[in-house]
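The values are calculated or read from the model by the stated rules, or taken from the named source; none is laboratory data. Keep in mind the model is a prediction, meaning the values are calculated, not measured. So basically every Cβ, Gly included, is an ideal-geometry build from the backbone, and we count neighbours across all protein chains shown. We work out accessible area using only protein heavy atoms, side chains counted, and drop any ligands, DNA or RNA first. Shrake-Rupley method; radii C 1.70, N 1.55, O 1.52, S 1.80 Å.
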Amino acid sequence: MKLQQLRYIWEVAHHDLNVSATAQSLYTSQPGISKQIRLLEDELGVEIFARSGKHLTRITPGGETIIREAGEILRRVEGIKKIAQEFSNQRKGDLSIATTHTQARYALPNVISGFINAFPDVSLHMHQGTPMQISEMAANGAVDFAIATEALELFNDLIMMPCYRWNRSIIVPKDHPLAKVSKLTLQQLAEYPIVTYVFGFTGRSKLDEAFQTLGLTPKVVFTAADADVIKTYVRLGLGVGIIASMAFDPRVDTDLVAIDGRELFSPSVTKIGFRKGTFLRGYMYDFMERFAPHLTRERVDAAVHKQNRAEVEELFADIELPTY
């Protein structure tokens, strides 16, 4: 059994059983991957993939378990590499982050700019996706950090730490009737078509809860993952926009009016999460503290050693999170 063979079955499983696409991503040949998978199956005496002719059709029950264990082994190997890199060159390496468009566009630019200036030899990779995709990437070790508001709590093998609170703004064109309302209510807002985030994105659950509490059903006519797209459709007159307040820039969005939504919606908390057992290199601690100054190395290490999520939450219970 070779590490290369474990890498191949793991990658094939995560490329929708497409051996050709896997070969391209690994810069190797399709026949080479197929041969090594067959050799591994012969050695183990178990079929990892079911086939129809030359095509892989599904992962067998035994294959599911083997691939899961292969992933753990590969993550441990990567951990050993990181330990070695930390001792050989503390300022060189890779950092992978998965996050949503809102975080990438509005919350992270200054943090990343400062980080790159401080660590020019660290290659930083950003992946965008839904909160569920982001959390899965962190849980399976595909990225080092997940930064999101939703879905992180669904994965028990992630250590999650709060970064900051944020709320929403209602955005409308300057000539919209709501722009003249002195104190907006949810009842008034519910009378208009709404353009907002896709369910599961950027604190959308808090928005839905606010309407449901009052027995209201919002007329959500258009949803998107991107706040800039939402603003575009508000400009087209499709509806009233509800976005993260940080995504409204008065210097750029001069044709829109932002109405503070703090009295209408409960605040949400953006968190950063990483897989339990992750070896944290020095520059990884630095990145977390740049993003959320209260995430000092000592506090992060304390979170790592907590037994469960409730204990981690208790560790940060007295921290006054910044609000945006």
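Here is how the numbers come out for the structure above:
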item: Entirely in segment 175-276, the strands (runs of 3 or more DSSP E) that have 3 or more residues that are in contact (Cβ under 8 Å) with a residue 12 or more places away in the chain and either over 30 Å from Glu136 (Cβ atoms) or open to solvent by less than 30 Å² (accessible area, probe 1.4 Å) (or both); result: 193-197, 240-244, 256-260, 268-275
item: Residue selected from segment 28-66 under the condition of a type in the set (A, V, I, L, M) and assigned to a strand (DSSP E or B), by the criterion least open to solvent (accessible area, probe 1.4 Å); result: Ala50
item: Residue check, Ile33 farther than 30 Å from Ile243 by Cα and in contact with an Asp or Glu (Cβ under 9 Å, 6 or more places away or on another chain); result: yes
item: Restricting segment 100-127 to residues that are within 21 Å of Phe248 (Cα to Cα) and in contact with a helix residue (DSSP H, G or I) (Cβ under 6 Å, 6 or more places away or on another chain), the residue that is surrounded by the fewest Cβ atoms within 10 Å (Cβ to Cβ); result: Val111
item: Pairs, first under 18 Å from Val143 (Cα atoms) in segment 93-111, second open to solvent by 10 Å² or more (accessible area, probe 1.4 Å) and small (Gly, Ala, Ser), C-beta under 6 Å, six or more apart; result: Asp94/Ser123; His101/Ala225
item: Selection count, segment 1-24, where residues are out of contact with any helix residue (DSSP H, G or I) (no Cβ under 7 Å at 6 or more places or on another chain) and not in a loop (DSSP other than H, G, I, E, B); result: 2
item: Single residue of segment 13-27 satisfying the filter (of a type outside the set (Gly, Ala, Ser) and within 23 Å of the chain's Cα centre (by Cα)) that is most open to solvent (accessible area, probe 1.4 Å); result: Asp16
item: Close pairs from segment 296-310: first part of a loop (DSSP other than H, G, I, E, B), partner open to solvent by 40 Å² or more (accessible area, probe 1.4 Å) and not charged (D, E, K, R), Cβ under 7 Å, at least 6 apart; result: Lys306/Leu315
